[in-house]
Amino acid sequence: AGLIITIVALLFGINPGDIMGGGTGSSTNSASTSQIDQHIAACTVEKANQGDEICRIVATTNSLDDVWPTLMSNYTPPQTIIFDGSVNTACGAASSSTGPFYCPADQTAYFDPSFFATLEQMGGSNGALAQEYVVAHEYGHHVQNLTGALRKGQQLGSQGPRSGSVRVELQADCLAGVWANHADDVSDGQFGVQTISQQEIQGVIQTAKAIGDDTIQGSNSNPEGWTHGSAEQRARWFMVGYQSGDPKRCDTFATNDL
């Protein structure tokens, strides 16, 4: 069960502690907290653009908090915690193996930058926008928490091709695409990716496909065990958001054509 939950989290999900019932800052580990806090304090957009992963997370969250108030009148920013090794949350304890996650109980998105290397090993891209997609996906879960979509998803089941979990995750992919559509205009190009090129978009698609349920499960993939959607679905819903720039187009609960 622990392995399954870790895999779920690696696909960009909710804190596994929450699954089991259980401003940008750093972890609760005192040694790493000091180092990460110092790193964050020294971040610049230039460092983000040059590939500094902690600064890229910070720049992306700044952009997300610029973009979403223009799209939602009731938007309130989540907290962001960048951690190393392990972290305690209102949803329970988590480790680096968990991957990035959002905890609705404390409205906080958690990131261990080491996940980006893991993601590349899984077949994802190490491109700037692909990494920012990871951050934007977790902020998508925060938007869902504000709209009630997370609660709606919980009522529709956690596994299966049309389950609430799949609808929640595909919607978060779509909301990440919505952010990407608006990011350059709202943030005046200062968000960690200097320009969104077709190559950057292909990097996101590569990453989305790498963490599809069917990709992870392999040739014996069974849709009845899906929790996040197929490779094609994840890439497609990101593009729905990116091409439209409209959160209303991300209503994965209104269709069975996922």
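Results, tabulated for the structure shown:
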item: Apportionment of accessible area to carbon and sulfur, the stretch 112-258, percent (1.4 Å); result: 42
item: Most to least packed among 250-256, 161-167, 85-91 [average Cβ atoms within 10 Å]; result: 161-167, 85-91, 250-256
item: Rough spin-label spacing in nm, given labels placed 7 Å along Cα→Cβ, for A117 and K248; result: 4.6
item: Whichever aspartates and glutamates have a C-alpha closer than 15 Å to that of K248, once near sequence neighbours (fewer than 8 apart) are set aside; result: D173
item: Solvent-accessible area per residue, Å², over the stretch 48-172 with all protein chains present [probe radius 1.4 Å]; result: 34
item: Built amide H within the under 5 Å cut-off of F101, gap 5+; result: Y110
item: Residues of the stretch 61-85 with amide N under 20 Å of the 7 Å Cα→Cβ point at D37; result: 79-85
item: Gained length - E232 relative to D185, 0.36 nm times residue gap less alpha-carbon distance; result: 14.1 nm
item: Residue-wise HN-Hα coupling along the stretch 239-247, computed from phi with Karplus coefficients 6.51, -1.76, 1.60 (Hz; x: Gly, Pro); result: 5, 4, x, 5, 6, 8, x, 10, x
item: For the stretch 49-54, Karplus couplings with θ = phi - 60° (6.51, -1.76, 1.60), whole Hz, Gly/Pro x; result: 5, 8, x, 5, 5, 5
item: Under Karplus coefficients 6.51, -1.76 and 1.60, residue-wise ³J(HN,Hα) of the stretch 63-68 in Hz, glycine/proline x; result: 5, 4, 6, 7, 6, 5
item: Residues S219 and N74, FRET efficiency given R0 of 45 Å [Cβ-Cβ distance, rounded to 0.05]; result: 0.50
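The values are calculated or read from the model by the stated rules, or taken from the named source; none is laboratory data. These figures come from a predicted structure and were not determined experimentally. Please note: Cβ atoms are built from the backbone with ideal geometry, for glycine as well, and neighbour counts cover all protein chains shown. Ligands, DNA and RNA are stripped out before the accessible areas are found, and what is left, the full protein with its side chains, is counted by its heavy atoms. Shrake-Rupley method; radii C 1.70, N 1.55, O 1.52, S 1.80 Å.
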